[in-house]
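The structure under discussion appears below in the form of structure tokens.
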Amino acid sequence: MMRQYELVERVTRYNPSADEALLNKAYVYAMRKHGSQTRASGDPYFSHPLEVAAILTELRLDDATIAVALLHDTIEDTDATRAEIDTIFGEEIGKLVEGLTKIKRLDLQTQKAKQAENFRKLLLAIVDDVRVLLVKLADRLHNMRTLEHMPEHKRARIAEETMEIYAPLAGRMGMQDMREELEDLSFRTLNPDAYATLAERLASLRERNDGLITDIEETLTARIAERGIAAQVKGREKRPYSIFRKMQQKSLGFEQLSDIYGFRVIVGTTEACYRVLGVIHTTWSTVPGRFKDYISTPKQNDYRSIHTTIVGPRRQRIELQIRTQIMDRVAEYGIAAHALYKDGETGGRNIARHTEESRAYDWLRRTIDLLSQGDTPEEFLENTKLELFHDQVFCFTPKGRLIALPRGATPIDFAYAVHTSIGNTCVGCKLNGKIMPLVTELRNGDEVEIVRSQAQTPPPAWESIAVTGKAKAAIRRATRESVRKQYGALGEHILQRAFTRADKPYSEGLLEGVLGLLSQDSIADLLAAVGRGEISAQQVVKSVHPDYQDERAGIIRPEPGEGWFDLEKGQGLKFRIPTVTGTDGDALPIRGLAGDIPVNFAPNGGAVPGDRIVGILTPAEGLTIYPIQSPALKEFDDQSDLWVDVRWDIDIDNPERFPARISVSALNEPGSLAAIAQVIGENGGNIDNLKMVRKVADFHQMIIDLEVWDLKHLNRIINQLRTKPNVSSVTRVNG
Ligand code: MN
């Protein structure tokens, strides 16, 4: 096992300003936490995070990433917690380790769910720091390298997942070496026979072509050097899997394959790349159709190189890649080569931190963008899947269960997705440990904890907040249920008041005695019927106390002109209104259309908070709220049992608007209507409806239905309208 100082040395070799204390701390912490745990191979468990860290030093990653590699299994597999890691190593490292924990849990989920195909994209979406992915890839690489210690039945699944998810991911991230090794290791497990055959053939070919690679390397180097260009030529035999894939794709036999060997010519400058190309093309004959210049037109993942195939020194077909050292590093390490670590600058950690300038981060973003912009058929297919994927967010329960939701989903949707009973009792939520509003749009990777209360019923307004059908249907059902209950409560309230007013005793026992008389099955039914206005309170009082005479005088309302809202003077309510009955505190609270009591507003004129109001309860309309100055109330003067005491109970931050009607007389000239609409709009009013009622030569009169916050808001609009020169009068209309 690598020693502590060896690891630190590896890092300081490429990053002299690395935070050695951090690395030492992470080494010791992880070693202690994993303690005596062992791997399937029998090795101490800690050897695994250590090897993962070592792989990442080959990619020359910053010290924070190396530390995260050491810690990457601690939250999931030991008693370590995010909070503890935050305290010891800081929040940045804590967040990265948690990202890896989430992926690991995701691994466990997908095993069941068989969502492998979306998994790769999911990873990209969850991970907002590319270093998490780099550690994950290194983690997977080490697990693949030690796969033979796993039980046989697990091997195939892990290899399959690697082939389907991690190898392509490494490829997308431009890490070709990593991709090839992952593919090859998977191939060996998934298709052992093919692997063995190919390995054997490669070995015999190697024997036959003894010294071929070295020979070609030397010849090429010499020819290039003759022209005064310093170049390094590296030859390699292709890996079994890439040969296998080529045989499959082109339906070729092994003997027909021409490009078993690949050579790279690495030079110092871009200009030298083209000069080398010139040398090679004038020295050997080229294979037509194999020339590609990815230097002048880089691949989307930033890969740059010149590709060509020649018939080389031993009459062998040779694939050549010509590039600079920088291009070579990008080609091998991909995203990891991109400024995650910069030599010689102040502390790798700060530079690597994911900030807006972080090129690596931009690069990942671009990679993700590219994934959705491909133009080959294969990429297009990818793209289509990605579209689906873009419509979704993936979140976790505190126990790590993965919940997929449509994009735009809220914690309310999440709660219902977990279970209807959780949705119905949801009163709040914590996102990633922080209390957040339930209207918050969920983001990929959010951990959602639902705060519940058994006393809760979902407010009807949630139906418009939720985006999933499941949540909407459940809210509707629960709302209907709770509306039924509310009618019962309203009915009880009305009955109690009616009995008190009549100065008669009230009890459920007394109601029980008249259920038959009123054709009701239960007290609950009776109360709801009263609440819905199907049975009047007076009727119930008289049924219980047949001797009762309704002595209640009609409601006292202001006479027109006496106490009405004085529109002409533009002032607030100044009328002398006796409370209709009872005290305000006793009255039924009205919380708007979205409130807990089902209400309507006066159909011809509306009512707004600030208005003195009464409720009229009829079977046809239910509870309708009128401003007390409404002439329409006259109609109900003789039916005092329809009257319900109500009062406003509007939350300061209630987003609901209320209906009101105004009548405006304005000069009949071009643009005057527009001017009126503009005043209303500028003052934050909504015009719901507009009707021309009279049109004489010089004047329009129009009736405008508005939606406003409250009386103050309505008056502001009225006053503003009055200041307009083309407006001659504005009055509020009460139906
Ligand atoms: Mn691991």
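The values are calculated or read from the model by the stated rules, or taken from the named source; none is laboratory data. As the structure is a prediction and not an experimental result, all values here were calculated from the model. Ideal geometry is used to build each Cβ from the backbone, glycine not excepted, and the neighbour counts take in all protein chains shown.
Yes or no: LEU667 surrounded by fewer than 19 Cβ atoms within 10 Å (Cβ to Cβ), at pLDDT 80 or above and over 30 Å from GLN496 (Cβ atoms)? Talk me through it step by step, then tell me what you get.
Values: surrounded by fewer than 19 Cβ atoms within 10 Å (Cβ to Cβ): yes; at pLDDT 80 or above: yes; over 30 Å from GLN496 (Cβ atoms): yes.
Considered against the rule, which asks whether it is surrounded by fewer than 19 Cβ atoms within 10 Å (Cβ to Cβ), at pLDDT 80 or above and over 30 Å from GLN496 (Cβ atoms), LEU667 comes out as yes.
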Report task. Could you please find all residues in the range 55-84 being away from the ligand (no atom under 11 Å from the Cβ), touching a helix residue (DSSP H, G or I) at 6+ places or on another chain (Cβ under 7 Å) and part of a helix (DSSP H, G or I)? Result -> ILE55, LEU56, THR57, ASP63, ALA64, THR65, ILE66, ALA67, VAL68, ILE75, ARG82
Query - Scope the range 164-191; condition outside any helix (DSSP H, G or I) and closer than 14 Å to PRO240 by Cβ; matching residues - result: ASN191
Requested in this report: Working only within the range 627-673, note down all residues that are assigned by TED's automatic domain parsing to the domain that holds GLU707 and among the hydroxyl-bearing types (Ser, Thr, Tyr).
Outcome: SER663, SER665, SER672
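Let's see how each residue does on (1) touching a Pro at 6+ places or on another chain (Cβ under 6 Å); (2) without any contact (Cβ under 8 Å) to a residue 24 or more places away in the chain; (3) more than 13 Å from the ligand (Cβ to nearest atom):
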{"site": "ARG145", "(1), (2), (3)": "no, no, no"}
{"site": "GLU152", "(1), (2), (3)": "no, yes, yes"}
{"site": "TYR166", "(1), (2), (3)": "no, no, no"}
{"site": "GLY174", "(1), (2), (3)": "no, no, yes"}
Query raised in the report: Can you spot a residue in the range 306-319 that is surrounded by fewer than 16 Cβ atoms within 10 Å (Cβ to Cβ) and on the phi > 0 side of the Ramachandran plot?
Result: yes
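Count, please, the residues in the range 194-239 that happen to be among the small types (Gly, Ala, Ser) and part of a strand (DSSP E or B). First the steps, then the outcome.
Of the range 194-239, the ones among the small types (Gly, Ala, Ser) are 194, 196, 199, 203-204, 211, 222, 225, 228, 230-231, 235.
Remaining after also requiring part of a strand (DSSP E or B): 235.
So the count comes out to 1.
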**Report entry** Scope the range 507-517; condition under 54 Å from the mean Cα position of the chain (by Cα), surrounded by 12 or more Cβ atoms within 10 Å (Cβ to Cβ) and part of a loop (DSSP other than H, G, I, E, B); matching residues
**Finding:** LEU515
Query - Residues of the range 404-428 that turn out to be under 11 Å from the mean Cα position of the chain (by Cα), surrounded by fewer than 20 Cβ atoms within 10 Å (Cβ to Cβ) and closer than 24 Å to LYS104 by Cβ, as a count - result: 1
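Mind checking whether some residue in the range 29-43 is part of a helix (DSSP H, G or I) and more than 16 Å from the ligand (Cβ to nearest atom)?
Taking the range 29-43 as the starting set, the residues that turn out to be part of a helix (DSSP H, G or I) are 29-34.
Imposing the further condition that a residue be more than 16 Å from the ligand (Cβ to nearest atom) reduces the set to 32.
Yes, there is a match, as at least one residue in the range 29-43 is part of a helix (DSSP H, G or I) and more than 16 Å from the ligand (Cβ to nearest atom).
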Report summary line: Being at pLDDT 70 or above and of a type in the set (D, E, K, R) narrows GLU656, GLU568 down to just GLU656
